[in-house]
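Visitor: Got a structure for you, questions after.
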């Protein structure tokens, strides 16, 4: 019906009759982005005047440049890269920063189909596209059999490779799913994941190094959906040609609005333009203290208000003792995190030394896939003890993968990838999150380990908890016994109070 230009019903927003026009595929995409979408916006929001359309990859680029921690000198010496599955008829762009702070686009196109292939491989492997790509990435670390991986890598390289400044294909796909599925038929799932990830990292590296060399820049600022692939980012960081790498938090389409704000400010006619790096990812609300509302979401659970006990003035040193004793604690303190990563304020925390905590969290609390790793939240000043970071790159947002040290494998094994011992660390700075830093530091005082195991505070498949009401519901529906709230308030299930007696508080 869409092909014929008919509407499903009279309330349908878009008029697809333009598909009947005798114009190229690219022109149809541009028509939809530039004309039809505008028509719908003006129709639905007639009270809003002067609506402006800012190009998808322009927003990604401005966020890449200004959403991280790069200073002015580093920005001037960085190439700004964006890559994703699709956005406003493109899937990649390259820019540099001019003296006035605006970006100059050097190139863009739609031949970089890597992220699209990754998406459909996710579907082929039985997972949800546009959602479970991170699971495929996690699975990739379990297979290292070159004999079985190399043939699959060759399949991917024949579909897409990069050389002499151009993307090319020796054996183009007929379509993004059926042909791809046929080519991967007979290969084992873990080998497919590993080959897919190796190919992703290799092509991304070739592309990035080419533009580093062509622009004579020293570093890379990267955003777009593909920037969420922390393993590929780790490969970029290891390149001798790339002196530094900046990957802002949550570089998917959720950060387009921030990039649009940077673009508008820098391209405004103001004399004094205000551009501040998005240093803090804690952009949400603080937990609101309305105790009478905390228990509203317990209606669909088997627990009620009387099943919990509250302990005041429960300091971080006491919480650290609980963690040292292998108790698992949820934390809802401070402003919530922006984006896909839990960075301590809406997190489930555990002792990273005890490998059994992986099973406890996966089976009894989150019901996660067994192969998915957790995150080590590491005190930034002690990070070199646990991760290999020769370039001393700041990585406070869990956006870059690192290899671990021997010390890490012996002391924080529960927070490392179970297959290849890599890490997706959050390097915690005292200036950025002093309360969370202090908790890790108290654990460090007891154990000599400057790290906590961190995973998002939610049940599997559900959004990250935001409010205190959300937290109580998750507490009730899981085997979690402890919840830390602001002002040193510890919530404990009454059936678990005896656990406090086993610890010298």
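Any read-out appearing in this document is the output of simple, stated calculations on the displayed coordinates, not a laboratory observation. Just so it is clear, the structure is predicted and the values come from calculations on it, not from any experiment. Cβ: placed from backbone, ideal geometry, glycine included. Neighbour counts: every protein chain shown.
Visitor: If I model a spin label at residue 144 and residue 496 as a point 7 Å from the Cα along the Cα→Cβ vector, what separation in nanometres do I get?
Guide: For the pair residue 144/residue 496, the computed spacing is 3.6 nm.
Visitor: Something else: Output needed: percent of Cα pairs per 5 Å distance bin for segment 103-224, bins running from 0 to the one holding the longest distance.
Guide: Cα pair-distance distribution for segment 103-224, in percent: 2, 10, 20, 23, 19, 13, 8, 4, 1, 0.
Visitor: A further question follows. Considering every Cα-Cα pair within segment 178-261, what fraction, in whole percent, is farther apart than 21 Å?
Guide: So the pairs more than 21 Å apart make up 43 percent of the total in segment 178-261.
Visitor: Ok, one more. Roughly what percent of Cα-Cα pairs across the chain reach past 30 Å?
Guide: Result: 53 percent of Cα pairs exceed 30 Å.
Visitor: What's the percent breakdown of Cα-Cα distances in segment 6-89 across 5 Å bins, shortest bin first?
Guide: 3, 12, 16, 16, 16, 14, 9, 7, 5, 2, 1
Visitor: Okay, next question. Take the alpha-carbon centre of segment 443-505, take the same for segment 152-203, and report the distance between them in whole Å.
Guide: 42 Å
Visitor: Let me ask you something else. In Å, what is the Rg of the alpha-carbon atoms in segment 70-171, and how long is Dmax?
Guide: Spelled out, the Cα radius of gyration and Dmax of segment 70-171 are 17.1, 52 Å.
Visitor: Between residue 240 and residue 504, what is the label-to-label distance in nm when each label sits 7 Å out along the Cα-to-Cβ direction?
Guide: In this crude spin-label approximation the distance works out to 5.4 nm.
Visitor: Whole number please: convex hull volume per residue, Cα atoms of segment 290-422, in Å³.
Guide: About 154 Å³ per residue, rounded to a whole number.
Visitor: May I ask for the angle, rounded to the nearest 10°, between helix 256-266 and the longest principal axis of the chain, with both axes built from Cα atoms and the value confined to 0 to 90°?
Guide: Taking Cα atoms only, the helix is inclined about 70 degrees.
Visitor: Quick check: residue separation of residue 50 and residue 73 times 0.36 nm, minus the Cα distance between them. What number comes out in nm?
Guide: 4.8 nm
Visitor: Want the number for residue 279 to residue 369: 0.36 nm per residue separation, take away the alpha-carbon distance, what's left?
Guide: Stretched out fully, the residue 279 to residue 369 stretch lengthens by 29.2 nm.
Visitor: A further question follows. Using 7 Å Cα-to-Cβ label points, what is the residue 169/residue 154 separation (nm, one decimal)?
Guide: Simple spin-label model gives 2.0 nm for this pair.
Visitor: Please arrange 166, 430 by how many other C-beta atoms lie within 10 Å of their C-beta, fewest to most.
Guide: 166, 430
Visitor: Counting only DSSP beta bridges with both residues in the chain, tell me the antiparallel percent, nearest 5.
Guide: If we restrict to bridges inside the chain, about 75 percent are antiparallel.
Visitor: Using R₀ = 51 Å, calculate the FRET efficiency as 1/(1 + (r/R₀)^6) where r is the Cβ-Cβ separation of residue 479 and residue 22; round to 0.05.
Guide: According to the calculation, E is roughly 0.25.
Visitor: Among 182-192, 385-395, 414-424, how do they line up by average Cβ neighbours within 10 Å per residue, starting with the highest?
Guide: 414-424, 385-395, 182-192
Visitor: Measure nothing but the geometry: give the 0 to 90° angle between the long axis through the Cα atoms of 146-159 and the longest principal axis through the Cα atoms of the chain, rounded to 10°.
Guide: 40 degrees
Visitor: By how many degrees, 0 to 90 and rounded to 10, does the Cα axis of helix 189-215 deviate from the longest principal axis of the chain?
Guide: Helix 189-215 sits roughly 60 degrees off the main axis of the chain.
Visitor: Divide by every residue of the chain the summed helix terms, -39500 (n - 2.57) for each DSSP H run of at least 4, and state the resulting mean residue ellipticity at 222 nm, rounded to the nearest 500 deg cm²/dmol. Don't skip to the end; give the middle numbers.
Guide: Values: 17 runs with 163 residues, N = 505.
About -9500 deg cm²/dmol.
Visitor: In Å and whole numbers, how far do the C-alpha atoms of segment 56-266 stretch along each principal axis, longest first?
Guide: 54, 32, 29
Visitor: Additional query: Could you calculate the FRET efficiency of residue 99 with residue 257 from 1/(1 + (r/R0)^6), where r is the beta carbon distance between them and R0 is 30 Å, rounded to 0.05?
Guide: Plugging the Cβ-Cβ distance into 1/(1 + (r/R0)^6) gives 0.70.
Visitor: Let me ask another. Computed over the Cα atoms, what is the radius of gyration of segment 160-302 divided by 2.2 N^0.38 Å, N being its residue count?
Guide: Working: Rg = 21.9 Å, N = 143, 2.2 N^0.38 = 14.5 Å.
Taking the Cα Rg and dividing by 2.2 N^0.38 Å, one obtains 1.51.
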